[in-house]
There are 2 protein chains.
Amino acid sequence: MNDRTTAGPDGTTARPGRPLRRDAAENRERLLRAAWEVFAEVGQDAGVEEIAHRAGVGMGTLYRRFPTKDALLTALSDEILDTVLQRARELAEAHADGKGLEQVLTYIGSVLASHHGCLTRLWQAVPPTADTRRAELWSLLAGLLEEAQHGGEVRGDLTLSDVYLAVLSLRGIVDDTAGRAPEVWRRHLCVILAGFRPSDRALEHPPADDALVHAAVATPAARRSAAR
Amino acid sequence: MNDRTTAGPDGTTARPGRPLRRDAAENRERLLRAAWEVFAEVGQDAGVEEIAHRAGVGMGTLYRRFPTKDALLTALSDEILDTVLQRARELAEAHADGKGLEQVLTYIGSVLASHHGCLTRLWQAVPPTADTRRAELWSLLAGLLEEAQHGGEVRGDLTLSDVYLAVLSLRGIVDDTAGRAPEVWRRHLCVILAGFRPSDRALEHPPADDALVHAAVATPAARRSAAR
DNA sequence: GGCCAACCGGAGATGTGACTCCGCATACCG
DNA sequence: CGGTATGCGGAGTCACATCTCCGGTTGGCC
């Protein structure tokens, strides 16, 4: 314990207490890339051995870089979150006309589709490190929602948690159909977006509390990983 | 092998080759009920021991009644399917005005919500025994869809696979939110139903092939269970 | 009541997958 | 170029979950 004096407790992100040796850094990348592939193909319960093998390293290396399988998963989803966040910023800027929400949701869908399996975690609980980025993503989406409502693209009684539910919905569909029909999520997103548009008929059920979104951002321990 | 002469290979349904002894039949029921509870609470990867314990029987009994954990899961989802099918028939009859689709989807949502965890299987591949019931459910939904379209409740370019996607969508949401906000699926269903209603703007993405639904009914082996 | 097939319990056998340990190799510093 | 901290591989450990086996028990029929 208390190895905070060494090169870095690592585990989630490359924090430069001292930079990793060249080969070590390279292997870290290789591992992340392999994990990315394997999790996308097999799903979250892919074997750790397969990942190490595909990265061309031994088990020891994997576990020195990521102290636990969970940490690997987390590091990976953090990386993806960065990508998503960056692209979301771009899209938000390029579509200030109220279409931004639609664009970002479509992008998120495509990310889910290409990494189905390793992304459950992205929309669930997370270690505190990532909180700020996650919060930024949601506040960005909140802004886009407001813009879309202002521009008359989206009905006024929609809330951020409805957007959150839309994402969960896409994840569920991707999970079940990625193998046999990898593009159907787009169709369903069209249906949801149609449901988002203004209408004279009110939504019958009251909106969920936005705490739903914030809980997803801040919950201390992953529900699902506890159940295993 | 070839024990077809005995009281019944069992495993999926109580098929009376010879009726089970009273205590055996009772234990079978107890096991199903316990499995129902435990799977609903913990999810699909709940331990078998917990189920046996809660049913008040030993492991041996469990495995004599259901030759495999998978068989237990299947028997359970078959039972639930029966319930759903029966209620769906009633609802379809009671709402011949085009509102039937909405009613049945709401009912399915509530079933998903009360048994999140043991129901993945219901909407996935299944052993051939259940095929006819599954097919009936979908043809029933197809009828309701047509009725709803005829009555102007639902847009004309909607297909059965869109209904299927709606169900998958609900499942995804229930899976992630059952713990902290067990009713939000209703809100999302409202959004989907709003998207189902007629509109002057066409859905941008083409509908999925209805083979998607039929594949879900007839696929020989469960994808997910193969991945484990 | 007596007999036997059917049934019961629960302690292991078996298999799987996460994680560790340690002798050897390699990059970096002077 | 030599010394050492850092990193590497992969066989072995450990924990856990599913499934089997068998000595003892029980329900149902004569």
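What follows is calculated from the coordinates using simple rules that are stated; it is not laboratory data. Computed from a predicted model, the values in this text were never measured in an experiment. Heads up, the Cβs are rebuilt from the backbone with ideal geometry, glycines too, and the neighbour counts pull from every protein chain shown.
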> Which aspartates and glutamates, on any chain, are close to A:Lys99 with Cα under 20 Å apart, when same-chain ones fewer than 8 places away are left out?
Replying inline: A:Glu90, A:Glu136, A:Glu146, A:Glu147, A:Glu153, A:Asp157, A:Asp162, B:Asp200, B:Glu204
>> 7 Å along Cα→Cβ for the label point: how many nanometres lie between B:Glu204 and each equivalent label in the other copies, listed shortest first?
In response: 3.0
> Using θ = phi - 60° and the Karplus curve 6.51 cos²θ - 1.76 cosθ + 1.60, what whole-Hz ³J(HN,Hα) does each residue of the stretch B:76-92 get, with Gly and Pro shown as x?
Replying inline: 5, 5, 4, 4, 5, 4, 4, 4, 4, 4, 4, 5, 4, 4, 4, 4, 5
> With θ set to phi - 60° and the Karplus curve 6.51 cos²θ - 1.76 cosθ + 1.60, what are the ³J(HN,Hα) couplings of the stretch A:49-63 in order, to the nearest whole Hz, using x for Gly and Pro?
Replying inline: 4, 4, 5, 4, 4, 5, 7, x, 10, x, 4, x, 4, 4, 7
>> Neighbour counts of other C-beta atoms within 10 Å: give me B:Ser110, A:Ser161, A:Ser139 arranged from fewest to most.
In response: A:Ser139, B:Ser110, A:Ser161
> What distance in nm separates the simple spin-label points at B:Val42 and A:Tyr107, each placed 7 Å from Cα in the Cβ direction?
Replying inline: 4.2
> Whose Cβ in chain A comes nearest the axis that rotates A onto B, and by how many Å?
Replying inline: A:Gly172, 1
